[in-house]
Structures are given as C-alpha cells and as structure tokens.
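The values are calculated or read from the model by the stated rules, or taken from the named source; none is laboratory data. Computed from a prediction, not measured in an experiment: that's the story for all the values here. We place every Cβ from the backbone using ideal geometry, glycine too, and count neighbours over all the protein chains shown.
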C-alpha cells in the first residue's frame, strides 16, 4: 500500500457508488427502528458512504488491490465483507451507538 494510491481510490465515483450500493442493501436488511446506522444510512446515504470509504482507505489489502487493478480489482464480496466488518465501527465513529 502506498498513500498515493488512497486518494484516487477515495475519489473514484464508481468505487464509492459500489460501496454505497452495499451500504444501502445492508441497511435494508436491518430493522431501521433498532439499528441507528441503518436508519442514518437510508436518510443520509452520501454521508454514510463517505465514512465507510475512509475505512476502506485505511485497509492495506483493499488499497493494494485498487492500486493494481482499479475498482474492478475489488470484488463485490470484498466490499460486502468490509462493510459488514466495519458496521459497528462506523456506527461508533458517527456517534450512533444506542
């Protein structure tokens, strides 16, 4: 991972759109009356996506995959796994924990 690879990844609209699609899908699978991040993500999808994107930017493996293959080098499965893994961390960072 090189830090110079993070900026283009975070600016890649197709890649962030894929993250947003995943976040929205995962939000719809949850009970929005119980999961504050799911409710927030559906109401403020751009803001939620940006926060998830920052966690992607800090992941050496994902940045490395992006650097070697662009957004196409990152599978939907990798995006789903990362979103699911970081769900509670994003909730905490956004002060949405119950």
Exercise. Does residue 34 satisfy being out of contact with any strand residue (DSSP E or B) (no Cβ under 8 Å at 6 or more places or on another chain), without any contact (Cβ under 8 Å) to a residue 24 or more places away in the chain and exposed (fewer than 13 other Cβ atoms within 10 Å of the Cβ)?
Worked result: yes
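Return the residues of the stretch 58-70 that are surrounded by fewer than 17 Cβ atoms within 10 Å (Cβ to Cβ) and closer than 13 Å to residue 2 by Cβ; say none if nothing qualifies. Before the answer, list the steps.
Initial filter on the stretch 58-70 (surrounded by fewer than 17 Cβ atoms within 10 Å (Cβ to Cβ)): 58, 60-61, 64, 67-70.
Correct list: 60, 64, 67, 68.
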Exercise. Which number in (1) buried (at least 18 other Cβ atoms within 10 Å of the Cβ); (2) within 21 Å of residue 93 (Cβ to Cβ) marks the one condition that residue 3 misses?
Worked result: (1)
Exercise. Mind checking which pairs have a first residue in the stretch 41-64 that is more than 13 Å from residue 8 (Cα to Cα) and a second that is modelled with pLDDT under 95 and surrounded by 14 or more Cβ atoms within 10 Å (Cβ to Cβ), Cβ under 7 Å, 6 or more apart or different chains?
Worked result: 60/1
